[in-house]
Every structure is written in structure tokens, then in C-alpha cells.
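The values are calculated or read from the model by the stated rules, or taken from the named source; none is laboratory data. Just so it is clear, the model here is predicted, and its values are computed rather than measured. Cβ placement follows ideal geometry from the backbone for every residue including glycine, while neighbour counts extend to all protein chains displayed.
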Amino acid sequence: MSYLGSLLLVSCIVISFHTLKAQNSTSSKQLLQTAQSKIPDHSSAYIVHRGRINRKPLNIIDSCWRLKRHWSSNRQSLADCVVGFGHGSLGGRQGVIYIVTDQSDDPIDPKPGTLRFGVTRDVPLWIIFTRDMVINLKNELMINSYKTIDGRGVHVELAYGPCITIEDAKHVIIHGINIHDCKRGRPGYVKNAPNHHSYRRGCDGDGIKITNSSNVWIDHCYLSNSADGLIDAIHASKDITISNCRFTNHVKVMLLGHRDGYIADKVLRVTVAFNHFGPGLTERMPRLRYGYVHVANNYYEPWLLYAIGGSSNPTILSEANYFVASNDSTHKQVTKRELINGLGEAWQTWRWTSRRDAFRNGAYFIASGRRNGAPPYNRFQRFNVSDASHVPILTSDAGPLRCVINRRC
């Protein structure tokens, strides 16, 4: 079948896959309006389910779509919900739905219906899955521009093989995927476009590696126990939001910046918000070189070495996070600075600011440099950061959600 024929077939499947959008009942709307009128500043909305108000508040991203019963009939509207530096990440919003029906993988000649076939197309696609799947990739999965991988409504795992590479791409969204036990890749050719293969030397075994890419949003994913990092953003990547994810059982969690001396990473701009870090994490939540990171409303279980670190004069704004230190008196400090090339006390000029953070069990943050003001967001990227006391609730649904079609998630 031709590529155009495959897309037409997928479009037909999509029409039969979705139900028509219906209006919410008047009573549910009234309940929702009543609940919203009583919401404090730290939350955006409550869920109304079967005529009853769930008093659990949602963070600003989740409240944008989880209250909609017919989210599955307009999946692409999820792209409107991202905040922070990744705002404007379109993913496959302007494309058709592509349905993954086959969990097999061929890194050189992928079959239509597989995940790799979808992510390597040269048109925008919103990729969903027909059923629960555990996909064992045979080599790294190279994602082309304008793609969304949307795991809502099913349980999808990428595991026990090489995992995701976003390289020289823009506008990529990954939502609701379990990524764990990622392995190093093998040298060889890998499909990265409909008519092109790239020779790869073998990936490091990251869960998600973002290289020279922009407008990337990672949301509601679970990442754990991989050969290298869980998320790396390097080589002048920028305009990234990592939100609502759950990280567990790993040493080097999140690296932002390739290496000391690689000054192209000064353009790095990353928002890390509403994530749950732990249990079983050691360091890099995140670790930054050069660039700017806004770390806001995240929940930190006890770390084994440090939580937030960096080198090469990065700028860090830690805002209204909830830090719980371990009982080990030597691991109470949130921060760690790596001093490179005998820079000595130069770190004292690095702009590291803690604002409205909550520190539990003796946790503490060592600030430095001139105090950071508001993040350098434009008016579309800006969002209200809730009080740290509400973070345990606002992050309690971090990781993939078990959404049901035609129900609020």
C-alpha cells in the first residue's frame, strides 16, 4: 500500500474510532461552576464525576483537559495546555490521527501500523494506540518533527531495549508513556524519515534524549531504571517543558547541557513543573550547564546525593517545590555545584534562587548570585505557581493516567 493510501486508511479508522462530541449536562456544568467559584489560588479546577465533586484540585495543565468528558474526540486540543518554555509545542496537532496497531519493531524497514513507521513520517501526526502494548524497540526510536505520541486510554510501555531520540527536530509531544529499562543501542542504520536512514554509533541508553531540538513537551510519563539518563536535553536544545512525570529508581535522572565548555547550550530554556521525583533517585533532578531552568511545584522524595545541581554558570530558579530530605545528615542539601577547571569560589556569582520552597526533614538550599526575578517567559508561557504546601496534591497524579474513553480523566 502506498504512503498516501496508508494515511487515508488511518483517517477512515479514526472516524470509526471516535464518538461524536456531546454536550455536558446542565447539572454537571452548574456543579463545576460552583466548585470553581470556591477554588483557592493554588488550583485551577476540581473534577466533577457522576454528579459529585471530587475535592482534589488539579494543576493548571491537567485542569485544561482532564475535566472534558470527550477528550478522546478532540485529542489534539491537548497541545493547547502546555505552559512554560515548551508552550507552543504543536506536536501533531495539525495532522491526522495515526493508530499504532502492531507492537513489533524493525529499525530499518518499519511496517505500517507500528510506532516507528508513524514517528518517521514527514507530515504532522497525532499517534495513538489501539490497545495496551509493551514495545521492545530493536534500536533507538528517532522521532521526526511535528509528532505526538499519546498514550491516553491505554497502557503503553517502551522497555527492555533502546528508547527515544529526538534529534534535529521541533514540535514533539510525548504524553502518557511508560519508559523504563532502556538499553544501549547497537551501531547501524536506523530509519529517521520516509526515505532516509541515519547511521548510528549506538545510543547511550537514555529514556528520552533531546538533541539540537526545540518545542518539546514531555507530560505524564513514567521513567525509571535506564542505562544512562532518564531525560537528557543537550546540543542547544531549547523551549522544553517537562511536566507531570514520575521518576523512580535511577542515578542520573535529568541532564540539561552537553558538557562544560559547550557554550552553544547557553540557549537552553527548560521548565520542570508538577513532577514527582522518587523514590530511589540519586542526583540530577535536574543538573544544568549554562542555560536557564525554572523548577516549579515539584515533589522531591529523599535523594541519595543531591536534587538540583549544575556547573558552568547556569541560572536556576527553584520556586515553590516540596523537598523532603533523607535521614542521612550528609544528604540534606538540595543543591550541588560542580566546580570545573579550578574556578574555586566563582560559583558564588551563579544565579541560583530559591523562592517559596518548602523544606522538610532538614532539607536546605544554598542560594548564590543576584536573586532571580520572574522567569523570562512571554505572556503565553507564563503560569501561576501554586504555594508549596499544595504540591503533594498537585503532583499526586504524576505519571501516566489510566483514562477511560468518554469519561473525565
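Scanning region 153-174 for residues that are buried (at least 24 other Cβ atoms within 10 Å of the Cβ), under 17 Å from the mean Cα position of the chain (by Cα) and either more than 11 Å from residue 216 (Cα to Cα) or small (Gly, Ala, Ser) (or both) yields 156, 158, 163, 164, 165. With respect to being closer than 25 Å to residue 258 by Cα, hydrophobic (A, V, I, L, M, F, W, C) and in a strand (DSSP E or B), residue 217 fits the description.
Listed here are the residues, each with its yes/no results for (1) farther than 20 Å from residue 210 by Cβ; (2) out of contact with any strand residue (DSSP E or B) (no Cβ under 8 Å at 6 or more places or on another chain); (3) among the small types (Gly, Ala, Ser); (4) touching a residue at least 40 places away in the same chain (Cβ under 8 Å).
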| residue | (1), (2), (3), (4) |
| --- | --- |
| 103 | yes, no, no, no |
| 131 | yes, yes, no, no |
| 182 | no, no, no, yes |
| 189 | yes, no, no, yes |
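When you scan region 101-123, do you find a residue that is under 16 Å from residue 150 (Cβ atoms), among the basic types (Lys, Arg), in contact with a Cys (Cβ under 8 Å, 6 or more places away or on another chain) and at pLDDT 95 or above, even just one? No, because not a single residue in region 101-123 is under 16 Å from residue 150 (Cβ atoms), among the basic types (Lys, Arg), in contact with a Cys (Cβ under 8 Å, 6 or more places away or on another chain) and at pLDDT 95 or above. Would region 169-176 turn up any residue that is in contact (Cβ under 8 Å) with a residue 12 or more places away in the chain and over 20 Å from residue 87 (Cα atoms)? For region 169-176, residues in contact (Cβ under 8 Å) with a residue 12 or more places away in the chain and over 20 Å from residue 87 (Cα atoms): absent.
Scanning region 187-208 for residues that are buried (at least 16 other Cβ atoms within 10 Å of the Cβ) and on the phi < 0 side of the Ramachandran plot returns 190, 191, 192, 197, 200, 203, 204, 206, 207, 208.
Being over 14 Å from residue 140 (Cβ atoms) and among the basic types (Lys, Arg): is that true of residue 152 here? So residue 152 fits the description; yes.
Here residue 127 meets each of (1) assigned to a loop (DSSP other than H, G, I, E, B); (2) buried (at least 20 other Cβ atoms within 10 Å of the Cβ); (3) without any contact (Cβ under 8 Å) to a residue 40 or more places away in the chain with one exception, condition (1). Take the conditions (1) assigned to a strand (DSSP E or B); (2) farther than 26 Å from residue 175 by Cβ; residue 288 misses just one of them, which is (2). Residues in region 316-340 that are out of contact with any His (no Cβ under 6 Å at 6 or more places or on another chain), within 25 Å of residue 394 (Cα to Cα) and part of a strand (DSSP E or B): 8 in all.
When residue 402 is tested against (1) in a loop (DSSP other than H, G, I, E, B); (2) surrounded by 13 or more Cβ atoms within 10 Å (Cβ to Cβ); (3) within 23 Å of the chain's Cα centre (by Cα), exactly one condition is not met: (2).
Suppose the filter is modelled with pLDDT of 95 or more, surrounded by fewer than 19 Cβ atoms within 10 Å (Cβ to Cβ) and at negative phi; does residue 80 pass it? Taking the combined requirement at face value, the residue satisfies it. When each of 398, 325, 374, 320 is tested for being in contact (Cβ under 8 Å) with a residue 12 or more places away in the chain and farther than 23 Å from residue 224 by Cα, the lone residue that passes is 320. Does residue 391 count as of a type in the set (A, V, I, L, M), outside any loop (DSSP other than H, G, I, E, B), modelled with pLDDT of 95 or more and in contact with a strand residue (DSSP E or B) (Cβ under 7 Å, 6 or more places away or on another chain)? The answer is yes for residue 391. Residues in region 292-323 that are within 22 Å of the chain's Cα centre (by Cα) and of a type in the set (A, V, I, L, M, F, W, C): 293, 295, 296, 303, 307, 308, 316, 317, 320, 323. Evaluation of residue 313 against the conditions (1) assigned to a loop (DSSP other than H, G, I, E, B); (2) under 17 Å from residue 225 (Cα atoms) shows that the sole unmet condition is (2). Could you check, for region 216-223, whether at least one of its residues is within 25 Å of residue 93 (Cα to Cα) and surrounded by fewer than 24 Cβ atoms within 10 Å (Cβ to Cβ)? Within region 216-223 (the criterion being within 25 Å of residue 93 (Cα to Cα) and surrounded by fewer than 24 Cβ atoms within 10 Å (Cβ to Cβ)), the answer is yes, since at least one residue qualifies.
Remark: residue 372 falls outside the filter, which requires a residue to be loosely packed, with under 14 Cβ neighbours inside 10 Å and part of a loop (DSSP other than H, G, I, E, B). Scanning region 93-113 for residues being within 24 Å of the chain's Cα centre (by Cα), aliphatic (A, V, I, L, M) and either part of a loop (DSSP other than H, G, I, E, B) or under 23 Å from residue 186 (Cα atoms) (or both) gives a total of 0.
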